[in-house]
Amino acid sequence: MKYCPLCANELTTTEKERKTYLACPDTACGFVHWNNPVPVVAAIIEFNDKVLLAHNVSWPEKMFGLVSGFLDEREAPDQAVQREIKEELNLDTEEVKLVGAYPFEQMNQVIIAYHAKCTGEITLNEELDNYKLIEKSKLKPWNFGTGLAVRDWLKTS
C-alpha cells in the first residue's frame with residue numbers, strides 16, 4: 001500500500017505502540033495501515049482412510065500441501081473450509097473439527113486449520129493439477145504454515 005485509501009496522500013512510516021506502520025501524514029485524516037494478518041483456512045482431509053495432499057498449479061512440481069483458502073465475507077471458518085474442499089476437490093465434508101490456529105508470518109496470515117472427513121469423487125478445479133493420498137502413518141509434518149497443524153493433528157489422532 002502506497003497511498004491513503006481515504007484521502008490519496010502518500011503514506012509515510014510512523015511508529016505507534018512500539019511498532020512501525022504506514023500512516024497518512026494528514027492528521028485530520030488519521031488513517032493507519034495496521035497490516036494485520038489475514039485469516040485463511042486449511043484442511044487436513046481424510047479420504048478413504050488416507051490423507052489427501054494437493055498440488056497447486058503455482059507451486060514447485062514436487063510440493064504438495066493442504067487445501068487452503070480465504071474466507072468469504074460473513075463466512076464462518078468452518079463453513080469456509082468446507083466450501084474450499086467442495087470448490088477445489090468436489091468432495092463432500094461429512095465431519096469437520098478444528099485442529100488449531102497457526103501463524104504464517106511469511107505470508108502475513110493466520111491459518112485456521114481443520115480436520116475434515118470427506119466422501120465423494122475427486123474432481124480437481126483450475127487451482128489444482130494433482131493430488132496424492134498418503135497413509136496417515138507415512139505423513140510427515142513440515143516446520144512452517146500448515147505443517148504445524150499436521151504435526152498437532154498427528155499427535156492427537
If I go through region 22-47 residue by residue, how many of them are under 30 Å from L98 (Cα atoms) and either among the hydroxyl-bearing types (S, T, Y) or at pLDDT 95 or above (or both)? 11
Anything in region 61-85 that is in contact with a strand residue (DSSP E or B) (Cβ under 7 Å, 6 or more places away or on another chain), assigned to a helix (DSSP H, G or I) and either among the hydrophobic types (A, V, I, L, M, F, W, C) or surrounded by fewer than 17 Cβ atoms within 10 Å (Cβ to Cβ) (or both)? List them, or say none. D78, A80, V81, I85
Given the conditions (1) in a loop (DSSP other than H, G, I, E, B); (2) touching a helix residue (DSSP H, G or I) at 6+ places or on another chain (Cβ under 7 Å); (3) not hydroxyl-bearing (S, T, Y), and given that H115 satisfies all but one, which numbered condition is not satisfied? (1)
Within region 10-60, which residues are aliphatic (A, V, I, L, M) and in a loop (DSSP other than H, G, I, E, B)? L11, A28, V57
In region 58-73, the residues that are touching an Asp or Glu at 6+ places or on another chain (Cβ under 8 Å) and either of a type in the set (F, W, Y) or more than 20 Å from I134 (Cα to Cα) (or both): G69
Residue satisfying all of: in region 109-157; small (G, A, S) and under 19 Å from the mean Cα position of the chain (by Cα); modelled with the lowest pLDDT among these: G145
Answer from K62, K19, K86 - the residue that is modelled with pLDDT under 95, out of contact with any helix residue (DSSP H, G or I) (no Cβ under 8 Å at 6 or more places or on another chain), basic (K, R) and in the same structural domain as K140 (by TED's automatic domain parsing): K62
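The values are calculated or read from the model by the stated rules, or taken from the named source; none is laboratory data. Quick caveat: nothing in here was measured; it's all calculated off a predicted structure. Heads up, the Cβs are rebuilt from the backbone with ideal geometry, glycines too, and the neighbour counts pull from every protein chain shown.
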